Amino acid sequence: LVAVASVYSLTSSNSAGDVIQMVKVPKGASPVYVSLTGAGTGVGSVNVGDGVSAARYISGYLNSATSVMSVINTNYTPYTYSVDDTIDITVSAVSVGTVAGAFVMTVIFSMDT
């Protein structure tokens, strides 16, 4: 198993439709755990997925100053990447003009050598 963590600081230029690439996933990897923690203001809702499915892991995560960690909340079927990819945050909605805070993503994946 391999564990990877990534942090992204939000900026005032973030808007709905943005795709934030968080964790590189190599060909042959199978994520077994994906979590997202956010804290801040402005970015109201995000999904966590990849280049094929924008909400493969987490759908409708609501971000606020008091957000708690979310783990895989979709009807997830184990997925093995056939090519290198990234696990991304896709911004669904921005709730206010001032965007601040950060996202922290942790991914654990298995991989045959």
Hey, of (1) -0.39, -1.54; (2) -0.50, -1.61; (3) -0.38, -1.36, which did the structure itself give for log10 I(q)/I(0) by the Debye sum over Cα atoms at q = 0.12, 0.24 Å⁻¹ when calculated? (3)
For a quick protection proxy, order the peptides 57-63, 26-32 by their average other-Cβ count within 10 Å, most packed first. 57-63, 26-32
Ordering of 89-95, 106-112 by packing [mean C-beta count within 10 Å, highest first]: 89-95, 106-112
What residues have an amide H closer than 5 Å to that of Asp18, excluding those fewer than 5 places away on the same chain, when H is modeled at 1.01 Å from N in the peptide plane? Val91
Taking H placed 1.01 Å from N in the peptide plane, check which residues at least 5 places from Val25 or on another chain put their amide H under 5 Å from its amide H. Asp85, Thr86, Ile87
Ordered by packing density, taken as the mean number of other Cβ atoms within 10 Å over each peptide's residues, highest first, how do 9-22, 35-48 rank? 35-48, 9-22
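Here, each number is a calculation from the coordinates, and none is a lab measurement. Worth saying up front: this structure is predicted, and the values here are computed from it rather than measured. All Cβ positions, even for glycine, are placed from backbone atoms using ideal geometry, and neighbour counts span all protein chains on display.
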